[in-house]
Amino acid sequence: MPFVTDERGRRLRLVLAALAVLVLGSGAVAYVVTGTDAPPEARVAPSAGPSGQAAMSAAELNDMWTRYGDAPGFHWTGGDRTVSVDLPGDQVGWLFSDTFLGSVGADNTRPANQAMVHNSLVVQTRKELTSTLHGGSPTIPLSLMCDDKVGLGCWVGDAVVDGDLLRVVVNHYAKTGPGVLDVQRTSTSLVSLALPHLTVADTKPLPLTRGIAWGQSIVDDGGFTYVYGSERTDDFQFAHLARVPVGKLTGAWEFWDGTSWSPEEARSARLASGVGTSFSVDRIGGQWVLISMESHLPLNSSVVAYTAAALTGPFTDPVELFRVPETNDQRPVIVYDATLHPHLAHKGRLLFSYNVNSLEQADLYTDARLYRPRFVEVPWPPAARDQATLPAPPTTLAARPDEDGRVQLSWAAAGQGAQYRVYQKDLTAGQLQWVRLPREVSEPSMLVDLLKNGHRYEYRVTAATGAGEGRHSDPVQATATVAPPEAPGDFVANAEGSGEIWLEWTAPRRAWRYILEKRDVTAGEGQFTRLDLPRAAQTKRIVGGLTHGHEYEFRVRAVGGGGAGPWTRARAIAFKGLPVPPGNVAATPGPGGTATITWTATPGKVTYKVYQRDVTAGQADFVEPRVTVTGTSAVATGLVPGHDYEFVVTATNRAGESGRSLPGRVTIPG
């Protein structure tokens, strides 16, 4: 994928941050944060009836979480996944995966040593959040569920109340290698929390073997508990469905095979494509609604809804509900995990949340507000349109692939003022639903890129006016032929003087993302180790954690729709210390009281400063004039004719400024 936004990378980044502050141990007993060391009494009122929780708007929920996360004391300050469960009484349980615990500063910063656990539960009573549940104690906080010492612990799926238990489906992950992205899901378990105290009663592994992350959404309907799962492939993620009789989640599961229920997980059929690792399904009105972050397309930032008359599908094509604003941030922000909260929604509104994160770990500490859920509500169902007033479908749609793996689409204009929307389906990848490309166009043509080599695509187009969007055109197909990208150009590695090495390269054609690796030549390493790139298309990287005086080799390759291109390599020696002064400083007189100063480059990544003194005027000290440095030269101006001048140059790296060079001398013509 051109932009790495999958759960594996996201999870492991946060795990690495957490391991620096977690003290691992057994966390089988829930601890409710109250500001003391004594576990409190029941936090959930026993009740056999439905919840009395009042509906809340998205604005109220956003404000509630901001106030709670910013409050003093030891509690939740940020987390992801964001599953809400209607608990007995007038309470809601909020389940989170990776969770920061503690408090944040008045300037919204998070302490560098703030604890992180792999999961937690926050209790809401009426319209206020009242407590955070986790394992261990405030002194040594642990995850509420699962053993942190086994693999990477577990992250939560959905949950359902089952009598006097809250059942939570969790997925376990483990590292598979030294790289940041070397992590995979290993198994699925059912955790039971005893009501009303919400303590962990037991954890039972589920006999599921296929590569599907089950538990992304759980609904009870007609005497059965239905469990949705997410299957990841090289191209898309697909939704699957299983069921058990109500109260039998630990029993034998059945899987929907497309026509009937089967006891074999291997026969589970794909219901929808383009879902996220986490998504949400519920009955809203008279139909089933599946919402997810749209993931058919790279770099997409839309929350979409699929609908179906039955929970087994077939599901419609996704319709955009909301385009998240956070991806316009200058930081490498990602969004994920769109989740419904129907028990809190006002009538006629679809209420959902999504999670926000950054691929730069430091962002989570400089801005604690970033790693918190956002709540949104939209009208539901969408308003019906008068079909008679909608524009006719475009005609004569044609698709012409080019040598760079792009497809040129063209069609007959539908009339003045029409905007056009293009829909795509990757037939080779088994895409089930059409996806709308993010860009609308006013001209009857579009150049489509970010395609995969050898994949056959299908396209159709609609026209949209103020009256709404018309019917689709007849579809056309095209096969993309994409060559791998060339090697990145101008690859350089420069020592920073602080023990770090600065890497930079230029982007070749057809590059979506890059693979960057390093090895320690001095230490005799034969194998390269993958380096992380927070932004998929970034062409710069500072590498730290290096040994002083060791030579390192780096290699980088571009990846695109045609696969990976060739490697290009560079070497540098890591060192800590000030740079050496520039050498061979010379000054040449120029017209109009000017002089050109030149010097030889200092090794490493440095900037230069030029200093001068007027020898004829008896100036004892060098001063820094206003000069513009270009590479290894500069032009001094405003010099007095007939005077002798001396110039010295220094180099500066991340460790500081070097000593001065030997002077260069010049006489300005009179």
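Note on the chain: helix-only mean residue ellipticity at 222 nm, from DSSP H runs of 4+ residues weighted -39500 (n - 2.57) and normalised by residue number, equals -1500 deg cm²/dmol. Calculated FRET efficiency, residue 108 to residue 346, Cβ-Cβ distance, R0 = 25 Å: about 0.25 to the nearest 0.05.
Each residue of the range 474-491 was assigned a 3J(HN,Hα) from its phi angle through the Karplus curve 6.51 cos²θ - 1.76 cosθ + 1.60 (θ = phi - 60°); the sequence is 5, x, 10, 10, 7, 9, 7, 10, 10, 7, x, x, 6, 5, x, x, 6, 6 Hz, with glycine and proline shown as x. Between residue 522 and residue 657, the simple label model (points 7 Å from Cα in the Cβ direction) yields a spacing of 2.9 nm. With θ taken as phi - 60° and the Karplus curve 6.51 cos²θ - 1.76 cosθ + 1.60 applied, the whole-hertz 3J(HN,Hα) list for the range 538-547 is 5, 10, 9, 7, 9, 9, x, x, 9, 8 Hz, x standing for glycine and proline.
Multiplying the residue separation of residue 490 and residue 320 by 0.36 nm and subtracting their alpha-carbon distance yields 57.1 nm.
Projected label points at residue 149 and residue 221, each 7 Å from Cα along the beta carbon direction, are separated by 4.3 nanometres. In this label model, residue 203 and residue 267 are separated by 3.3 nm, measuring between points 7 Å along each Cα→Cβ vector. Between the amide H of residue 241 and those of 229, 256, 269, distances stay under 5 Å, these residues lying 5 or more places away or on another chain, with hydrogens modeled in the peptide plane.
Note that the range 434-446 has calculated 3J(HN,Hα) couplings of 5, 10, 7, 5, x, 9, 8, 10, 9, 9, x, 6, 7 Hz, one per residue in order, obtained from phi through the Karplus relation 6.51 cos²θ - 1.76 cosθ + 1.60 (θ = phi - 60°); glycine and proline are x.
Taking the longest Cα principal axis of the chain as reference, the axis of helix 7-19 is set at about 70 degrees. Given R0 = 51 Å, the distance between the Cβ atoms of residue 569 and residue 620 translates into a calculated FRET efficiency of 0.55. For residue 521, the residues 5 or more places off, or on other chains, whose built amide H falls under 5 Å of its own are 551, 552, 553. Cα axis of helix 58-70 to longest principal axis of the chain: angle in degrees, 0 to 90, nearest 10? The angle comes out near 60 degrees.
Selection among 633, 335, 65 by position relative to the dipole of the chain gives 633 as farthest towards the positive end (Cβ unit charges, Cα centre).
Rounded to the nearest 20 debye, the dipole size of the chain about its Cα centre is 780 debye, using +1 on the Cβ of Lys and Arg and -1 on the Cβ of Asp and Glu. What's the FRET efficiency of residue 71 with residue 361 using the Cβ-Cβ distance as r and R₀ = 30 Å, to the nearest 0.05? Rounded to the nearest 0.05, the efficiency is 0.80. What residues have an amide H closer than 5 Å to that of residue 137, excluding those fewer than 5 places away on the same chain, when H is modeled at 1.01 Å from N in the peptide plane? Close amide H contacts, sequence-distant or interchain: 142. Taking 22 Å as the limit for the C-alpha separation, the pairs 452/518; 127/248; 175/540; 518/576; 175/518 exceed it in the case of 452/518; 127/248; 175/540.
Values quoted throughout were computed directly from the atomic coordinates according to the rules given, and no laboratory measurement underlies them. What you see is a predicted model; the values in this text were computed from it and never measured. A quick note on method: Cβ atoms are made from the backbone with ideal geometry, for glycine too, and the neighbour counts reach across all protein chains shown.
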